[in-house]
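A short worksheet on the structure shown next.
The values are calculated or read from the model by the stated rules, or taken from the named source; none is laboratory data. Since we're looking at a predicted model, the values are computed, not measured. Backbone-built Cβ (ideal geometry, glycine too); neighbour counts: all protein chains shown.
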Amino acid sequence: MRTLLLSPELFLAEGGIARIMRLYLKALCELAGAGDEVSSLVLNDQPGPEPRLARYSSPALRTHTGCARGKLRFIGETLRLASGADRIICGHLHQLPIAWLAKKLHPALDYFLVAHGIEVWRPYSFLEQRALLGARRIWCVSDYTRRQLLRFCPALDVARLVVVPNALDPFFQPDAAATRSAAVESHPRILTVARLAATDTYKGIDTLIEALPLVRREHPGATLRIVGGGDDLPRLQALAARVGVETAVSFAGSIGDEALRGEYAACDLFALPSRKEGFGLVFLEAMTHGKSCLGARAGGVPEVLNDEVGALAEYGNIPNIAAAVSDLLRYPRDPVRIRAHAGSFAFPRFKQRLAAALI
């Protein structure tokens, strides 16, 4: 079996799609049998060697090519590699029409789609609908995403839509020393991790800032630590000053995995009251550190969080968010149960689900 994996990006950035597509590459390589081959083509990544690739591949990986955001090159390489492939796996809806065209040229070819979240929660163009209807399988990261696909494309065969939840990267492991040091924190620390982009205000970072004064009425020393960068930073900084918590809110910017593990270890609570999360890998990262989590009752988040590991608040409801945060700070969930719940989304389970979904 010769598999061509198309990804928007793998190593250029640390967003959720890049992280999960690395796990798709790793799983496909590990599932490859004798004589099977995997080729990886990435739209945004740079060409040339990538040191981290060895972690997520095996000798089954035949080629790995970055197209440096060159769309025409990406299309050309996809059609060239498709001529020798048995199946194409698309890591984003935008890539699906190319796979549809490749199947027109090579009718025996099958193609699959990984449906992450908001990119498929919308009406589709005529070409996107044609491409969706031709997919062998569509792997949805949550049942919510599956329902949205059916909402906007009712002609889809329900049997072709399979829920394959995201997984925690096996290389993202807690720092035991940092976890022990968190016990000496004298004030409760709330952590959130997200892109601070003006186009992504649905993440709800502003609602956390607005809720902090209410939280500090019950927990006077509470602070909010915000990890992530983007063009919305000045607005959020101004908001913190306007509601009087500028000294209690700190912005860490974009950081690497080692520093991020330290942030998870040092916090008392992870919170991301987002409205449009298809899944929410950051919740798993926090849970593997044994941290209680707050999410919004929206999107795919309720399929990841339950009462044993955290709480759900109404998106945009400042008093409700503040009350949920205060409650979790007062009554944190059991770290052992939290880690056990995160374990149900471990990579080996993800690989098993993927293997079943490939049939």
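When the range 20-49 is examined, which residues are found to be in contact (Cβ under 8 Å) with a residue 40 or more places away in the chain and within 19 Å of Arg69 (Cβ to Cβ)?
Within the range 20-49, the subset in contact (Cβ under 8 Å) with a residue 40 or more places away in the chain is 20-24, 26-28, 30-31, 39, 41, 43.
Scanning the range 20-49 gives Met21, Arg22, Leu41, Leu43.
So which of Ala159, Ala135 ends up being farther than 29 Å from Leu260 by Cα, under 25 Å from the mean Cα position of the chain (by Cα) and surrounded by 20 or more Cβ atoms within 10 Å (Cβ to Cβ)? Break it down into steps so the answer makes sense when it comes.
Numbers: Ala159 fails: surrounded by 20 or more Cβ atoms within 10 Å (Cβ to Cβ).
One residue alone meets the criteria, Ala135.
Determine if the range 104-117 includes at least one residue that is under 18 Å from Gly300 (Cα atoms), charged (D, E, K, R) and either surrounded by fewer than 20 Cβ atoms within 10 Å (Cβ to Cβ) or in contact with a helix residue (DSSP H, G or I) (Cβ under 9 Å, 6 or more places away or on another chain) (or both).
no
Restricting attention to the range 318-339, does a residue exist that is of a type in the set (Asp, Glu) and either touching a helix residue (DSSP H, G or I) at 6+ places or on another chain (Cβ under 7 Å) or at pLDDT below 95 (or both)?
Restricting attention to the range 318-339, the residues satisfying the condition of being of a type in the set (Asp, Glu) are 327, 334.
Narrowing further to those that are either touching a helix residue (DSSP H, G or I) at 6+ places or on another chain (Cβ under 7 Å) or at pLDDT below 95 (or both): none.
No: zero hits.
Would you be able to tell me the number of residues in the range 183-234 that are assigned to a helix (DSSP H, G or I) and in contact (Cβ under 8 Å) with a residue 12 or more places away in the chain? So that I can check it myself, show each step before the final result.
Let us first name the residues in the range 183-234 that are assigned to a helix (DSSP H, G or I), namely 183-184, 198-203, 205-218, 233-234.
So of that shortlist, the ones also in contact (Cβ under 8 Å) with a residue 12 or more places away in the chain come out as 198, 200-203, 205-216, 218, 233.
Qualifying residue count for the region: 19.
From (1) surrounded by 15 or more Cβ atoms within 10 Å (Cβ to Cβ); (2) closer than 25 Å to Ala34 by Cα; (3) among the β-branched types (Val, Ile, Thr), pick out the condition that doesn't hold for Thr63.
Checking Thr63 against (1) surrounded by 15 or more Cβ atoms within 10 Å (Cβ to Cβ); (2) closer than 25 Å to Ala34 by Cα; (3) among the β-branched types (Val, Ile, Thr), the one that fails is (1).
Have a look at Leu156, Leu133 and point out the one that is outside any loop (DSSP other than H, G, I, E, B), at pLDDT 95 or above and assigned by TED's automatic domain parsing to the domain that holds Tyr111.
Details: Leu156 fails: outside any loop (DSSP other than H, G, I, E, B).
Sole residue among the options that is outside any loop (DSSP other than H, G, I, E, B), at pLDDT 95 or above and assigned by TED's automatic domain parsing to the domain that holds Tyr111: Leu133.
Only one of Val193, Val215 is out of contact with any His (no Cβ under 8 Å at 6 or more places or on another chain), crowded, with 21+ Cβ neighbours inside 10 Å, under 22 Å from Gly230 (Cβ atoms) and at pLDDT 95 or above. Can you tell me which? Don't jump to the end; show me each part of the working.
Details: Val215 fails: under 22 Å from Gly230 (Cβ atoms).
Checking each option against the conditions leaves just Val193.
Which number in (1) in contact (Cβ under 8 Å) with a residue 12 or more places away in the chain; (2) in a helix (DSSP H, G or I); (3) of a type outside the set (Phe, Trp, Tyr) marks the one condition that Arg80 misses?
Failing condition for Arg80: (1).
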